[in-house]
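The values are calculated or read from the model by the stated rules, or taken from the named source; none is laboratory data. Bear in mind the structure is a predicted one, so any value in this text is a computation, not a measurement. Heads up, the Cβs are rebuilt from the backbone with ideal geometry, glycines too, and the neighbour counts pull from every protein chain shown. Ligands, DNA and RNA are excluded from the accessible area calculation, which covers all protein heavy atoms including side chains. Shrake-Rupley method; radii C 1.70, N 1.55, O 1.52, S 1.80 Å.
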Amino acid sequence: MKLTVINGTMDQKEQEAYVDYLERKYGRKVEELTIHMDGEYVDLDYVLSAVPFERIRRITGYLVGTMDQWNDAKKAEERDRVKHSLRTEL
């Protein structure tokens with residue numbers, strides 16, 4: 001993790017407290033943290049770890065992420081349906 005303190009100094013324990021606060025608040029790891037100090041105030045600029053993304057589609061009336069649990073008939077229904085594409089012409 002990259003951690004930067006700007007406009008002042010801060011001990012390691014206080015830096016770790018800010019990291020712990022952000023990780024608890026968002027439930028994700030902090031990848032980068034920049035602490036901008038202004039007297040008694042601090043501004044936190046941070047980058048959190050990526051959220052795993054699973055595509056969810058509506059197929060034949062069901063919301064699904066994957067079709068690995070489907071039977072052969074349902075897979076055939078999905079394969080045979082008409083798929084529309086987006087036109088990018090102006």
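At-a-glance table
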{"read-out": "Under Karplus coefficients 6.51, -1.76 and 1.60, residue-wise ³J(HN,Hα) of segment 64-75 in Hz, glycine/proline x", "value": "9, x, 9, 10, 5, 9, 6, 7, 4, 5, 5, 5"}
{"read-out": "Principal-axis tilt of helix 12-26 within the chain, Cα atoms, nearest 10 degrees", "value": "30"}
{"read-out": "Å² of accessible area per residue within the chain, as computed with a 1.4 Å probe and no ligands counted", "value": "87"}
{"read-out": "GNM result for the chain, Cα springs below 10 Å: residue of LEU33, LEU44, LEU63 fluctuating most strongly", "value": "LEU63"}
{"read-out": "Within the accessible area of segment 1-67 (1.4 Å probe), percent carbon and sulfur", "value": "49"}
{"read-out": "Answer label for Cα extents along the principal axes in Å (calculated), chosen among (i) 32, 26, 21; (ii) 59, 29, 28; (iii) 65, 40, 19", "value": "(iii)"}
{"read-out": "Efficiency of FRET from Cβ geometry, MET1 and ARG57, R₀ 35 Å, rounded to 0.05", "value": "0.50"}
{"read-out": "Those lysines that a straight Cα-Cα span of less than 29 Å connects to LYS83, excepting residues fewer than 8 apart in one chain", "value": "LYS74, LYS75"}
{"read-out": "Simple Cβ-charge dipole of the chain, Lys/Arg +1 and Asp/Glu -1, about Cα centre, in debye nearest 20", "value": "880"}
